[in-house]
Amino acid sequence: MLNDHTYCCQASPSMCSATGEPPLSAKSTCEKFHKDKIDVRVQNAKDLGVGLFITEFGACANTKACVMEINAALDAIDAHMLSWGYW
């Protein structure tokens, strides 16, 4: 089983520096980051012949930016019908 996590803050060192969460203005960047990361991990799991489980994403405050971050991750995860556990 391959296990990974995904946070848009991983996209760049300055992505979450102001509030600890990606800004709403980074929505398209976050969507692309999560899609690309999950696509790579899906291929890694296929190459290894194992399943993939995303076990950490969305550790953020109760804000619009947090909802954007969670939805961007879930869209990428659900596009591959992967198992996931919200953190």
| task | Determine ³J(HN,Hα), in whole Hz, for all residues of the stretch 33-49 in sequence, where each value follows from phi through the Karplus function 6.51 cos²θ - 1.76 cosθ + 1.60 and θ = phi - 60°; x replaces Gly and Pro. | result | 4, 5, 4, 5, 5, 5, 4, 5, 5, 4, 5, 4, 5, 4, 4, 7, x
| task | Just tell me which lysines come within less than 24 Å, Cα to Cα, of residue 46; anything on the same chain fewer than 8 places away is out. | result | 32, 35, 37
| query | To the nearest 0.05, what FRET efficiency results for residue 32 and residue 62 with a Förster distance of 30 Å applied to their C-beta separation? | reply | 0.75
| field | Label-point separation in nm, residue 70 to residue 46, each point 7 Å along Cα→Cβ | value | 3.1
| request: Per DSSP H run of at least 4 residues, take -39500 (n - 2.57); add these up for the chain, divide by its residues and hand me the 222 nm value, nearest 500 deg cm²/dmol. | output: -15000 deg cm²/dmol
| Estimated FRET transfer efficiency (residue 1, residue 24; beta-carbon r; R0 35 Å; 0.05) | 0.55
| request: Over the chain, with every protein chain in place, what whole percent of the accessible area is carbon and sulfur at 1.4 Å, could you tell me? | output: 57
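The values are calculated or read from the model by the stated rules, or taken from the named source; none is laboratory data. Keep in mind it's a predicted model, so treat the numbers as computed, not measured. Glycine also receives a Cβ, built like all others from the backbone with ideal geometry; neighbour counts cover every protein chain displayed. All accessible areas refer to the heavy atoms of the entire protein, side chains included, with ligands and DNA or RNA removed. Shrake-Rupley method; radii C 1.70, N 1.55, O 1.52, S 1.80 Å.
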